[in-house]
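The structure appears below as structure tokens.
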Amino acid sequence: MKTLLITGGAGFIGSALVRYLLTESQNYNVVNVDKLTYAGNLDSLKPIEKHPNYHFEQLDICDGAGLDNLFNHYQPDAVMHLAAESHVDRSIDGPMAFIETNIIGTYQMLESARRFYQKSQKADFRFLHISTDEVYGSLGPTGLFQEDTPYDPRSPFSASKASSDHLVSAWHHTYGLPTLISNCSNNYGPYQFPEKLIPVVILKALRGEKLPVYGKGDNIRDWLYVDDHVRGLLSILEKGQVGETYNIGGHNEKTNLEVVKHICALMDELSPKVYSHEDLISFVADRPGHDKRYAIDAGKIARELDWRPVENFESGFKKTVVWYLENLAWCERILSGEYRLERLGILS
Ligand code: NAD
């Protein structure tokens, strides 16, 4: 059985990956390395926390010596690197944490992986770096991001992720580290920290609070259900060509307003009130530098690795809203901490 070292496995996508590996795939030993920042949550791993093939290590990926110890101890066959500061609004308020974790942390991961790879003689070792479509910048009304679209990041978050992608590529070309990169569109699904658009809207709708829509709500994102992303990542790890980049997307381009209205319709159905939830929609000041449109051409991963999303917009959003309504205790435990659904990322 192969051993995977996963960073950021207590976050939204990382925890979905860890749960999937230990319940659906069952082909791997999983070592989850996570600092447990505000976004890391061991509650999201409760379904698998006692699994004999699961190991948790609390560590900051900026700690190179700590990483070396973990590589030597667990002798991983592959790394899936998801740990990151991930929220654009927080990167506007405080970019330094993004520089530290996303750039310095990725550098330390690459160096520890390189030291380990050079002495381990594991010919099939892989380092999969999980990144975002936001590195490509903002599209006009037409066109799609392809793997060779020039990088044009515009937020501190996307600039830090673009930097990390370049480091990964450099470590492959210069040192021969067997790397792969994935650039994925916006994810949604269960266990997402309630600072992001989808959980914010569901939880505020449930409380009968105003539903904040940035600007005119006409920014477009390509939405992908998180478990589809997880399956895409495993396809890349298991079948991808070393040194290559793969875009992952959901073929679900929607404006933010369309998404919020869709959630409102689901809330009307699943948690009805005397009024329509759409009445709660409130347009608020736009995010500074808000990218207009992201859209992914996921043709390469479909053609070469036979990956396609299983969920569509309707099925994925219904599952997501139902999950939040059935797991309010998970949300309430988070919201009893420092973050209380307030707006972040407004320039003073
Ligand atoms: P998240 O914020 O939910 O989780 C990040 C995890 O990383 C948390 O568990 C946190 O504790 C951990 N972490 C942060 N800093 C760390 C450090 N210094 N050392 C160790 N652990 C640390 O993020 P997410 O939404 O699950 O995203 C995971 C990855 O996927 C990120 O790299 C992100 O850029 C990428 N991605 C996300 C999306 C999306 O829509 N969420 C889309 C495409 C790509």
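Assorted remarks:
- Filtered residues of the range 13-38 (kept if open to solvent by 10 Å² or more (accessible area, probe 1.4 Å) and near the ligand (Cβ under 9 Å from one of its atoms)): Ile13, Asp34, Lys35, Leu36, Thr37, Tyr38
- Phe71 meets each of the listed conditions (1) among the aromatic types (Phe, Trp, Tyr); (2) within 15 Å of the ligand (Cβ to nearest atom); (3) open to solvent by 50 Å² or more (accessible area, probe 1.4 Å) apart from (3).
- Pick from the range 81-113, criterion closer than 26 Å to Asn247 by Cβ, of a type in the set (D, E, K, R) and more than 8 Å from the ligand (Cβ to nearest atom), ranking: surrounded by the most Cβ atoms within 10 Å (Cβ to Cβ): Arg90
- Among the candidates Tyr214, Tyr225, Tyr246, residue that is touching a residue at least 12 places away in the same chain (Cβ under 8 Å), touching a strand residue (DSSP E or B) at 6+ places or on another chain (Cβ under 7 Å) and within 16 Å of Gly316 (Cβ to Cβ): Tyr225
- Filtering the range 171-187 to residues that are small (Gly, Ala, Ser) and more than 16 Å from the ligand (Cβ to nearest atom) leaves only Gly176.
- Selection within the range 119-146 - within 15 Å of the ligand (Cβ to nearest atom) and in contact with a helix residue (DSSP H, G or I) (Cβ under 6 Å, 6 or more places away or on another chain): Phe127, Leu128, His129, Ser131, Thr132, Glu134, Val135, Phe145
- Positions within the range 1-17 being farther than 18 Å from Asn187 by Cα and part of a loop (DSSP other than H, G, I, E, B), in sequence order: Met1
- For the range 253-297, filtered to residues that are open to solvent by 70 Å² or more (accessible area, probe 1.4 Å) and touching a strand residue (DSSP E or B) at 6+ places or on another chain (Cβ under 8 Å), the residue that is nearest to Ser91 (Cα to Cα) is Asp286.
- Single residue of the range 39-53 satisfying the filter (within 25 Å of Tyr324 (Cα to Cα) and free of Cβ contacts under 8 Å to residues at least 24 places away in the same chain) that is most open to solvent (accessible area, probe 1.4 Å): Lys50
- Meets criteria (among the charged types (D, E, K, R) and at pLDDT 95 or above) for Asp77: yes
- Just one of the listed residues (Leu305, Leu257, Leu280, Leu270) is under 17 Å from Leu211 (Cβ atoms) and touching a residue at least 60 places away in the same chain (Cβ under 8 Å), namely Leu280.
- The residue that is nearest to Phe283 (Cα to Cα), among those in the range 241-252 that are open to solvent by 10 Å² or more (accessible area, probe 1.4 Å) and not polar (S, T, N, Q), is His251.
- Filtering the range 82-96 to residues that are outside any loop (DSSP other than H, G, I, E, B) and in contact (Cβ under 8 Å) with a residue 60 or more places away in the chain leaves Val88, Asp89, Arg90, Ser91, Ile92, Asp93.
Here is a yes/no grid of residues against (1) more than 27 Å from Ala329 (Cα to Cα); (2) outside any loop (DSSP other than H, G, I, E, B); (3) among the basic types (Lys, Arg):
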{"position": "Leu22", "(1), (2), (3)": "no, yes, no"}
{"position": "Ser44", "(1), (2), (3)": "no, yes, no"}
{"position": "His51", "(1), (2), (3)": "no, no, no"}
{"position": "Met80", "(1), (2), (3)": "yes, yes, no"}
{"position": "Thr101", "(1), (2), (3)": "yes, yes, no"}
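- Residue pairs meeting the criteria (Cβ under 9 Å; at least 6 apart or on separate chains; first in contact (Cβ under 8 Å) with a residue 24 or more places away in the chain and on the phi > 0 side of the Ramachandran plot, in the range 58-79; second open to solvent by less than 20 Å² (accessible area, probe 1.4 Å) and part of a helix (DSSP H, G or I)): Gln75/Phe116
- Selection count, the range 182-211, where residues are open to solvent by less than 10 Å² (accessible area, probe 1.4 Å) and aliphatic (A, V, I, L, M): 6
- Only residues that are touching a residue at least 60 places away in the same chain (Cβ under 8 Å) and closer than 11 Å to Leu203 by Cβ were counted in the range 331-345, giving 4.
- Considering (1) out of contact with any helix residue (DSSP H, G or I) (no Cβ under 9 Å at 6 or more places or on another chain); (2) outside any helix (DSSP H, G or I), the lone condition that His173 does not fulfil carries the number (2).
The values are calculated or read from the model by the stated rules, or taken from the named source; none is laboratory data. In this text the structure is predicted, and so the values were computed from the model without any measurement. Ideal geometry is used to build each Cβ from the backbone, glycine not excepted, and the neighbour counts take in all protein chains shown. SASA here: full protein model, heavy atoms, side chains in, ligands and nucleic acids out. Shrake-Rupley method; radii C 1.70, N 1.55, O 1.52, S 1.80 Å.
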